[in-house]
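Each reported figure results from applying straightforward, stated rules to the coordinates on display, with no laboratory input. This one's a predicted model, so the numbers in the text were calculated from it and none came from an experiment. Because the Cβ atoms are built from the backbone with ideal geometry, glycine has one as well, and the counts that use them run over all protein chains shown.
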Amino acid sequence: MIKKEKDKPVKLYLIKSFSTDEKIKENPPLSEKGIKDAKLVRLLLPDVTFDCCYTGEEIASYGSAMLMIGDKLEIKRDKRLNKEKSTKVVENNIISYLSSLKDENTILIVADSTVIKILHKQVPNAIEIK
């Protein structure tokens, strides 16, 4: 479990980027289905307030986060949450990323499915929203 100062636990929510436009191969944006799904998931979480939101640099991750968060808070992009060709590189990036988290209570991370799986492996008590 991630702990912040004074041993208060951090709630970590993980969401895989929503469906992308399959016509675009390089860094695709969300598809219409992805946009609808992101809005629906947000409606299903009305009582959850996030203190911060992080994504990788991919368009789909950022777009998913924007639809989940709106203009309520800044979405912070971090290249350590990007999908990489090597799983080992992603694992090392995730470990580095987790150790850098600040003093926030409820964190939303939106990233590619590979990154989310590795994050969930590193933080088993994280809440993965599917």
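Taking only Cα atoms and a 10 Å spring cutoff, compute GNM fluctuations for the chain and point out the largest among Lys23, Lys76, Lys33.
Highest fluctuation among the options: Lys23.
Just add up the charged neighbours of Leu30: K/R +1, D/E -1, any other residue whose Cβ is under 11 Å from the Cβ of Leu30.
-1
Hey, what's the per residue convex hull volume over the C-alpha atoms of segment 1-126, in cubic angstrom?
Cα-based convex hull of segment 1-126, divided per residue, equals 99 Å³.
With springs only between Cα atoms under 10 Å apart, run a GNM on the chain and tell me which of Tyr97, Tyr13, Tyr54 wobbles the most.
Tyr97
Considering only the other residues whose Cβ falls under 11 Å of the Cβ of Leu73, what net charge follows from Lys and Arg at +1 and Asp and Glu at -1?
-2
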